[in-house]
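Worksheet: the structure to be examined is printed underneath.
The values are calculated or read from the model by the stated rules, or taken from the named source; none is laboratory data. Bear in mind the structure is a predicted one, so any value in this text is a computation, not a measurement. Cβ placement follows ideal geometry from the backbone for every residue including glycine, while neighbour counts extend to all protein chains displayed. Just so you know, the surface numbers come from the protein's heavy atoms only, side chains and all, with ligands and any DNA or RNA stripped out. Shrake-Rupley method; radii C 1.70, N 1.55, O 1.52, S 1.80 Å.
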Amino acid sequence: MATVVNPTRMELTRLKGKLVTAVKGHRLLKNKRDELMRQFMELVREDMELRLKVEEGIKNANRNFVLAKSGMSEEILQSAMMAPKQEVELQVGEKNVMSVDIPVFKTRMRTADPNDIYSYGFAFTSSDLDDAVASLSSVLPDMLRLAEVEKSCQLMAAEIEKTRRRVNALEHVIIPETQEGIKYITMKLDENERSTQVRLMKVKDMLLQEAHQYQK
């Protein structure tokens, strides 16, 4: 044994209680690890889909901006984008998932009018600029959700690794050592009991011999 234990009945009772707790904790942690892995894989799949969607949306917006820039002067483009009418307020909260606090993003627009994303008049701007602004506006919720999902993946991956180490420690170190300690103490107590019985039998034999001699 790596750990020296005191072979007493009190220590045996303590180790048996420790073993019950360790086995129960191992089962709960394994269930937690499996559920974390399931939810993590769902987030990973969503992350991949969102990333493709966001990249496609940004690519479309950039393409439209390039087209708009080619058909408009630099001065008109800059003045059109100088004073935005719409604002987005980001509220950051948390949600507990299997003891992991993952972020939750909520957005609130300053105005409810969908046309307020255009901060310019349409007389001197091109439709390509309108398409670019609309593309960025439509991809914004997916970008925020992507950031939320990726941060959640990072936090859950760290928790999975921590839980995995605890499961391995219980499975390969704590539970085997406790079982070995119980086995060691049980053997020692049985050995002591047999030795005590042998001594008692010898004492009984000696007393019987002495009594027989007195009878003579």
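Short version: ³J(HN,Hα) in whole Hz for each residue of the range 163-169, in order, from phi by Karplus 6.51 cos²θ - 1.76 cosθ + 1.60 (θ = phi - 60°), x for Gly and Pro, what are they?
Karplus values, whole Hz, x for Gly and Pro: 5, 4, 5, 5, 4, 5, 5.
In whole angstrom, and with the biggest value first, how far do the Cα coordinates of the range 34-132 range along each principal axis?
58, 27, 18
For the range 98-216, what does the accessible surface come to per residue with a 1.4 Å probe? Please give it in Å².
Per residue, the range 98-216 has an accessible area of 67 Å².
Given the DSSP H assignment, sum -39500 (n - 2.57) over each helix run of at least 4 residues in the chain and divide by its residue total; what's the result at 222 nm in deg cm²/dmol, nearest 500?
Estimated from H runs of four or more residues: -26500 deg cm²/dmol.
Residues of the range 114-150 with backbone nitrogen within less than 20 Å of a virtual label 7 Å along the Cα-to-Cβ line of M82, please, listed as ranges.
Those under the cut-off are 117-126, 129-130, 133.
Applying 1/(1 + (r/R0)^6) with R0 = 30 Å to the Cβ-Cβ distance of E49 and M109, what FRET efficiency is obtained, to the nearest 0.05?
With a Förster radius of 30 Å, E is 0.75.
How many percent of all Cα-Cα pairs in the chain sit more than 27 Å apart?
The answer is 64 percent, as a whole percent.
From the phi of every residue in the range 137-153, what ³J(HN,Hα) in whole Hz does the Karplus formula 6.51 cos²θ - 1.76 cosθ + 1.60 yield, where θ is phi - 60° and glycine or proline is x?
5, 6, 8, 4, x, 5, 5, 5, 5, 4, 4, 4, 5, 5, 5, 4, 4
For the chain, take the longest principal axis of its alpha carbons; what is the angle in degrees between that and the long axis of helix 9-71, to the nearest 10 within 0 to 90?
Helix 9-71 sits roughly 10 degrees off the main axis of the chain.
So if each residue of separation counts as 0.36 nm, and I subtract the Cα-Cα distance between A134 and V23, what length gain in nm does that give?
34.3 nm
Skip the ligands, DNA and RNA, and give the accessible area per residue of the range 1-53 with a 1.4 Å probe, whole Å².
Counting only protein heavy atoms, the per-residue value for the range 1-53 is 73 Å².
Quantify, in whole percent, the carbon and sulfur part of the accessible surface of the range 107-216 (1.4 Å probe; protein heavy atoms only).
About 56 percent, which is the carbon plus sulfur part of the accessible surface.
Work out, step by step, the length gained on full extension between K69 and M187: first 0.36 nm times the residue separation, then minus their alpha carbon distance; give nm to one decimal.
So the chain would gain 33.8 nm between K69 and M187.
Using label points projected 7 Å from each Cα along Cα→Cβ, tell me how many nm separate K59 and M201, to one decimal.
8.8 nm
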